[in-house]
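Asker: Pasting a structure below so you can have a look.
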Amino acid sequence: MSQSQSDSTAGLGLPQVAACLLVGYFVFRWFFKANDPSGTAQRRPPPVDPRRLQEQTEVVRGMFPQVSAAAVQAELIRNGGNIEITTERILTNGFLPEPPAPTPAPVARRQPAVAASSASSSSTILSQYTDLITRYNLHSRLHEAESSSTLLGKGKAPATKSDRQLAHHNKRDDMILAARRRMEDMDRKARATG
Amino acid sequence: MSFAAANKRLLKEYKALLRESPEGIVAGPIDESNLFEWECLIQGPDETPFEGGVFPATLSFPKDYPLNPPKMKFTCEMFHPNVYKDGAVCISILHSPGDDPNQYEDASERWSPIQSVEKILISVMSMLAEPNDESGANIDASKIWRDNKQEYSRRVRQCARKVLGL
C-alpha cells in the first residue's frame, strides 16, 4: 500500500512538473500577447512624417480652430494621417477627445476653455436661427389661397438652371406654407376642444 | 476627375428629386452654381411629436461624393436624441463604411455610393419618428425621451412651431 502510494507520487511528479511548465508558458505568453498590441500601437507613430503631420494639423485647425492642436495630432496619428476622417469626426461629434497626457503639456489647461467656447458658440447658433417664414420671406404669401402654384407637373425636370431653381423654390415655399397652415389648423382645433 | 463625377452625380440626383420626390421631402442646391451645398426640408412624420412641422437642414457634399457621404445639419432648433445641439445629425447612413466612431453599426447600414440624398432624407425622417437610443448625440434629449415622453413631446412641438414662425 505504502509502496503504491510512493509510486503514484513519484509517477505524478514528472507530469505535474510538465503541466506546471506548460501553464507557466501559457501565462507568460498571454501576458506577452496582451502587451503586444499596445506595444505596436505605440510604435505606429514613427511612419507619420512629423513635418507632414504638422501641415495636416494646421489644415484641420484652419477649419476648426476650437479643437486643440494636440487633439488633432492624436487623431491624425490614430487614423494614419487622414484629414477627411479627422474633419468627419469633428463634425459628427463636435469635438475631438484630448489625447492622454504624454503628448504636449498645455492640453489640460486648454480643455476647459475649449468646452466653454464651443458651448457658447452653439448657444449663439441656436439663437441665430430664424423661422422659415422670415428666412424665405414668405410673410406676404401667408394668407394666399391654398396650393397656389404647382408649376411643374410630375414626370419631367425643367431643362434650364433658372427653371430648376424656380421649381425647387416653389416646392420648398409651398411645403413651408402648407405646414404653417396645417399647424395653425391644429392650433385652432386644440383651442376649440380645450 | 472625381470632382466632375461628383458634380454629374449631384445634378442627376437633383433632377430626379425635382421630377419626383418622396412625400414630405424637398431638397436641392442652395444655388446651382455650387452643387455641393444643398438645402432640404423634411416634414415631421405623422403620429409623432414632429407631426405638422417642417424642418430645414443643409447637406454639405465632399468633393469625392458619392464615395463619401455628405454631412447633414439641421438649421433650426432641434430636440432629438440623435441630433447634436449644433444641428449635426448622427445617423449610420451618414457614416462612411470605413469609419465607425461608435463601433456598433452594421456596415450595411452605413454610407455607400449606392445610397442617395433621397435615401438619407428618408432615413432621417424615420429617425425623427424612432430615435436610436444607442447613439445619443443630445444627452438631454435622450434622457427626456427615455424617461418622460410627455415632456419630450412638448419640447419637440415647441421646436416645430418655432420653425414655422408660430
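Asker: Which of the lysines could a cross-linker bridge to B:LYS8, judged by Cα under 26 Å and excluding same-chain residues fewer than eight apart?
Answerer: Answer for B:LYS8, where 26 Å is the Cα cut-off: A:LYS154, A:LYS156, A:LYS161, A:LYS171, B:LYS63, B:LYS71, B:LYS73, B:LYS119, listed by chain and number.
Asker: Also, I was wondering about something else. Per residue of region B:152-160, in order, report the coupling 6.51 cos²θ - 1.76 cosθ + 1.60 (Karplus, θ = phi - 60°) as ³J(HN,Hα) in whole Hz, putting x for Gly and Pro.
Answerer: Result, ordered by residue: 4, 4, 4, 5, 5, 4, 4, 4, 4 Hz.
Asker: Follow-up. Can you put B:GLU130, B:GLU39 in order, fewest other beta carbons within 10 Å first?
Answerer: With the sparsest Cβ surroundings first, the list reads B:GLU130, B:GLU39.
Asker: Of B:TRP145, B:PRO49, B:HIS95, whose Cα points farthest to the positive end of the dipole of chain B (charges on the beta-carbon: +1 Lys, Arg; -1 Asp, Glu; origin at the Cα centre)?
Answerer: Toward the positive end, the furthest listed residue is B:PRO49.
Asker: Name the shape class, rounded, prolate or oblate, that the alpha-carbon gyration tensor gives for region A:154-194, where a ≥ b ≥ c are the square roots of its eigenvalues, rounded holds for a/c under 1.5, and otherwise prolate holds if a/b is larger than b/c and oblate otherwise.
Answerer: Prolate, since a/c reaches 1.5 and a/b exceeds b/c.
Asker: Collect residues whose amide H, placed 1.01 Å from N in the peptide plane, falls under 5 Å from the amide H of B:GLY28; neighbours closer than 5 in sequence don't count.
Answerer: B:GLU39
Asker: Another one. Limiting things to C-alpha atoms, what are the Rg and the maximum Cα-Cα separation (Dmax) for region B:10-93, in angstroms?
Answerer: 13.3, 38
Asker: Let me ask something else about it. For all pairs of alpha-carbon atoms in chain B, what percent lies in each bin of width 10 Å, listed from the first bin to the last filled one?
Answerer: Answer for chain B: a P(r) of 10, 39, 35, 14, 2, 0 percent.
Asker: Between region B:113-139 and region B:16-80, how far is it from one alpha carbon centroid to the other, in angstrom?
Answerer: 12 Å
Asker: A follow-up question, please. Once phi is turned into ³J(HN,Hα) by the Karplus curve 6.51 cos²θ - 1.76 cosθ + 1.60 with θ = phi - 60°, what whole-Hz value does each residue of region B:23-29 show in order, with x for glycine and proline?
Answerer: 3, x, 9, 10, 8, x, x
Asker: Which of the lysines could a cross-linker bridge to B:LYS143, judged by Cα under 19 Å and excluding same-chain residues fewer than eight apart?
Answerer: Qualifying lysines at Cα under 19 Å: B:LYS85.
Read-outs throughout are calculated quantities, based only on the coordinates presented, and are distinct from any laboratory measurement. Only a predicted model underlies this, so the values are computations on that prediction, with no experimental measurement involved. Note: ideal-geometry Cβ built from the backbone for every residue, glycine included; neighbour counts use all protein chains shown.
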